[in-house]
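Heads up, the thing below is written out as structure tokens.
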Amino acid sequence: MGTHEYINDVRNENVLISINKKLFTRSDAKISVFDSGFLLGDGIWESFRLHKGTLVFIEDHLDRLFHGASSISLNIPYSREEIISEITNVVDSNKMYDDVHIRLIITRGLKPTPYQAPWIISSLPTMVIIPEYKKANKEPIRNGISLVTVDIIRGTHNSQDPRINSLSKHNCIAACIDAEKKGGEEGLMLDVDGYVSTCNSTHFFMVKDGEVWTSTGDFCLDGITRKKIINICKKNQIPCFEKKFTVDDVKSADEAFVTGTFAGIIPVNSFDHEIMGNGTRGPMVEKLQKLYVEMIKEVCHVK
């Protein structure tokens, strides 16, 4: 499972899930086969963490949610405050406090018939909130993952815009399949010009001579954790660059790591079946992991 490896928690069998502000048990949480999300992948989503009672970076996630909705002409019928209120209701109803992963999904709503035109719709948008007790497995965070270059590329802004957190995830799923076929736990994806862009489920960074590099961001999702790592580097006088670079640059890197909401920062221990660095977590990755944990504690007011 690599970057999303988690510890199974039996409490998830009885969690309450919100569908259009109504709570259902996990076994009873269902949407219609005519929902546009099911029929067409027509919608957007966000995932975020509940840590020590705090919805971590929730404002950043809602910024991205509403931007994505606007990009696909989806009018969310709820305000930010109403969405946060319902998330809080779900969390409180489940008596959750820590080590919780929350998925927020908004689709365009029900369709009277299977048909792609977004204005052919027969309901308000569907909003689903799925909370789970989900603690990351520490092994990949310490020892890293294997990364391979995949043949699936990130598309252009005028095809399927890769910067939007769309329910239409085929591009990333295809890259995930290709990575598995190539024997990797995560796939490194290139952009249309052949430069390193992102990974199939995370964002990519490399370290070279004390500098941290990541892509320009032109062909990848506007990652929340990615932005936080860039800000951490700037705050701590660590040279960090958003730039164009190639697979050959990655092969010569001293260290590499990927970032995501679920596990934070995960080192890369091998790239295209060659050992990365010394094959273990490098000093820069370990430093950034500690700084990121400190940031989370500060945001959550944890001593």
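Select from segment 129-144 the residues that are within 29 Å of residue 219 (Cβ to Cβ) and within 17 Å of the chain's Cα centre (by Cα) and list them in ascending order.
The answer is 130, 134, 136, 140, 141.
Cβ-Cβ distance below 7 Å, separation of 6 or more or different chains: which pairs start in segment 250-268 with a residue that is closer than 15 Å to residue 140 by Cα and end on one that is among the aromatic types (Phe, Trp, Tyr) and not in a strand (DSSP E or B)?
From segment 250-268, the pairs are 264/292; 265/292.
Kindly check whether there is at least one residue in segment 247-261 that is crowded, with 22+ Cβ neighbours inside 10 Å and hydroxyl-bearing (Ser, Thr, Tyr).
yes
Name the pairs whose Cβ atoms lie under 6 Å apart, with the first residue in segment 144-156 and within 10 Å of residue 200 (Cα to Cα) and of a type in the set (Val, Ile, Thr), the second modelled with pLDDT under 95 and assigned to a strand (DSSP E or B), and 6 or more positions between them or separate chains?
Between residues of segment 144-156 that are within 10 Å of residue 200 (Cα to Cα) and of a type in the set (Val, Ile, Thr) and residues that are modelled with pLDDT under 95 and assigned to a strand (DSSP E or B), there is no close pair.
Return the only residue of 2, 109, 53 being modelled with pLDDT under 95 and among the small types (Gly, Ala, Ser).
Of the residues listed, the single one that is modelled with pLDDT under 95 and among the small types (Gly, Ala, Ser) is 2.
In segment 14-25, how many are buried (at least 20 other Cβ atoms within 10 Å of the Cβ) and over 14 Å from residue 128 (Cβ atoms)?
Residues flagged as buried (at least 20 other Cβ atoms within 10 Å of the Cβ) and over 14 Å from residue 128 (Cβ atoms) within segment 14-25 amount to 0.
Residue by residue, here is whether (1) surrounded by fewer than 16 Cβ atoms within 10 Å (Cβ to Cβ); (2) closer than 23 Å to residue 137 by Cα; (3) not aromatic (Phe, Trp, Tyr) holds:
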{"site": "210", "(1), (2), (3)": "yes, no, yes"}
{"site": "213", "(1), (2), (3)": "no, no, no"}
{"site": "216", "(1), (2), (3)": "yes, no, yes"}
{"site": "228", "(1), (2), (3)": "no, yes, yes"}
{"site": "238", "(1), (2), (3)": "no, no, yes"}
{"site": "241", "(1), (2), (3)": "yes, no, no"}
{"site": "277", "(1), (2), (3)": "no, yes, yes"}
{"site": "292", "(1), (2), (3)": "no, yes, no"}
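Of the residues 93, 146, only one is among the hydroxyl-bearing types (Ser, Thr, Tyr), farther than 19 Å from residue 39 by Cα, touching a strand residue (DSSP E or B) at 6+ places or on another chain (Cβ under 8 Å) and not assigned by TED's automatic domain parsing to the domain that holds residue 24; which?
Unique residue meeting the criteria: 146.
Being modelled with pLDDT under 95 and either of a type in the set (Asp, Glu) or surrounded by fewer than 17 Cβ atoms within 10 Å (Cβ to Cβ) (or both) narrows it down to one of 273, 301, so name that one.
On inspection, the qualifying residue turns out to be 301.
Of everything in segment 2-26, what is hydrophobic (A, V, I, L, M, F, W, C) and under 30 Å from residue 109 (Cβ atoms)? Give them in sequence order.
The answer is 15, 16, 17, 19, 23, 24.
Run residue 28 past the list (1) crowded, with 19+ Cβ neighbours inside 10 Å; (2) more than 24 Å from residue 161 (Cα to Cα) and report the number of the one that doesn't hold.
With respect to (1) crowded, with 19+ Cβ neighbours inside 10 Å; (2) more than 24 Å from residue 161 (Cα to Cα), residue 28 is out only on (1).
Quick check on segment 131-180: of everything there that is of a type in the set (Gly, Ala, Ser) and surrounded by fewer than 16 Cβ atoms within 10 Å (Cβ to Cβ), which residue is modelled with the lowest pLDDT?
Residue satisfying both the conditions and the ranking: 159.
The values are calculated or read from the model by the stated rules, or taken from the named source; none is laboratory data. These figures come from a predicted structure and were not determined experimentally. Please note: Cβ atoms are built from the backbone with ideal geometry, for glycine as well, and neighbour counts cover all protein chains shown.
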